[in-house]
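Please see the structure below; I have some questions.
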């Protein structure tokens with residue numbers, strides 16, 4: 001069984017109105033050849049973010065109708081404009097329903113994962129990690145939680161450990177600097193607990 005650590009962006013990609021297929025494929029593997037682990041604080045962060053993401057996915061109808069008016073559809077192609085009006089109405093209704101159910105969708109996804117709870121060990125690791133990689137508080141706790149659980153699993157003999165996310169700027173072990181900020185190398189930290197870092201959700205079969 002592969003142990004795969006994910007964080008906030010996985011929940012967002014899997015629960016948004018237009019889910020991303022790589023996240024969906026990884027979620028479908030949960031309980032089969034993959035055990036998904038997520039830090040408790042990533043769930044909280046996803047809940048704080050998901051309403052904005054719904055607007056990102058389904059908040060385009062006003063701009064669409066404004067462009068239609070700019071193109072003269074109401075006067076020159078009233079039938080096409082009527083089609084757009086019906087589509088915009090459908091988008092608004094879908095957005096309203098989605099905003100009312102997206103928290104339940106997150107809850108459903110989390111039931112298919114293992115939650116890494118807050119613990120003294122994770123807090124200790126988080127406080128140590130700020131000297132290795134300066135992050136926002138949620139991200140520091142996410143990294144500390146992942147490394148704590150990965151260390152535990154590695155000591156138990158598990159060797160197929162992966163940390164998958166899209167947040168390359170914060171969690172990648174590669175130096176993607178150029179902004180004048182010192183970026184420490186996380187490769188040694190991941191190697192210490194046997195974690196392979198992936199900047200996607202494509203976990204090897």
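The values are calculated or read from the model by the stated rules, or taken from the named source; none is laboratory data. Since this is a predicted model, take the numbers as computed values, not measurements. All Cβ positions, even for glycine, are placed from backbone atoms using ideal geometry, and neighbour counts span all protein chains on display.
Right, residue 174: modelled with pLDDT under 95, assigned to a loop (DSSP other than H, G, I, E, B) and surrounded by fewer than 14 Cβ atoms within 10 Å (Cβ to Cβ) or not? Give the steps one after another, and end with the answer.
On the way: modelled with pLDDT under 95: yes; assigned to a loop (DSSP other than H, G, I, E, B): yes; surrounded by fewer than 14 Cβ atoms within 10 Å (Cβ to Cβ): yes.
Yes; evaluated as a whole, the condition is true for this residue.
Go over the candidates 161, 186, 147 one by one and state the one that is in the same structural domain as residue 34 (by TED's automatic domain parsing), at pLDDT below 85, buried (at least 20 other Cβ atoms within 10 Å of the Cβ) and more than 17 Å from residue 45 (Cβ to Cβ).
Values: 161 fails: at pLDDT below 85; 147 fails: at pLDDT below 85.
Selected residue: 186, the only one of 161, 186, 147 that is in the same structural domain as residue 34 (by TED's automatic domain parsing), at pLDDT below 85, buried (at least 20 other Cβ atoms within 10 Å of the Cβ) and more than 17 Å from residue 45 (Cβ to Cβ).
Taking into account only those residues within region 120-140 that are under 22 Å from the mean Cα position of the chain (by Cα) and assigned to a loop (DSSP other than H, G, I, E, B), which is modelled with the highest pLDDT?
136
Give the residues of region 158-174 that are within 22 Å of residue 34 (Cα to Cα) and in contact with a helix residue (DSSP H, G or I) (Cβ under 8 Å, 6 or more places away or on another chain), sorted by residue number. Before you say what the answer is, go through the steps one by one.
Let us first name the residues in region 158-174 that are within 22 Å of residue 34 (Cα to Cα), namely 158-167, 171-172.
Answer for region 158-174, where residues must be within 22 Å of residue 34 (Cα to Cα) and in contact with a helix residue (DSSP H, G or I) (Cβ under 8 Å, 6 or more places away or on another chain): 161, 163, 164, 165, 166, 167, 171.
Is one or more of the residues making up region 10-17 touching a strand residue (DSSP E or B) at 6+ places or on another chain (Cβ under 9 Å), surrounded by 14 or more Cβ atoms within 10 Å (Cβ to Cβ) and either under 30 Å from residue 120 (Cα atoms) or free of Cβ contacts under 8 Å to residues at least 12 places away in the same chain (or both)?
Keep residues of region 10-17 that are touching a strand residue (DSSP E or B) at 6+ places or on another chain (Cβ under 9 Å), which gives 10-11.
Next cut, surrounded by 14 or more Cβ atoms within 10 Å (Cβ to Cβ) only: 10-11.
From what's left, either under 30 Å from residue 120 (Cα atoms) or free of Cβ contacts under 8 Å to residues at least 12 places away in the same chain (or both): 10-11.
There is at least one residue in region 10-17 that is touching a strand residue (DSSP E or B) at 6+ places or on another chain (Cβ under 9 Å), surrounded by 14 or more Cβ atoms within 10 Å (Cβ to Cβ) and either under 30 Å from residue 120 (Cα atoms) or free of Cβ contacts under 8 Å to residues at least 12 places away in the same chain (or both).
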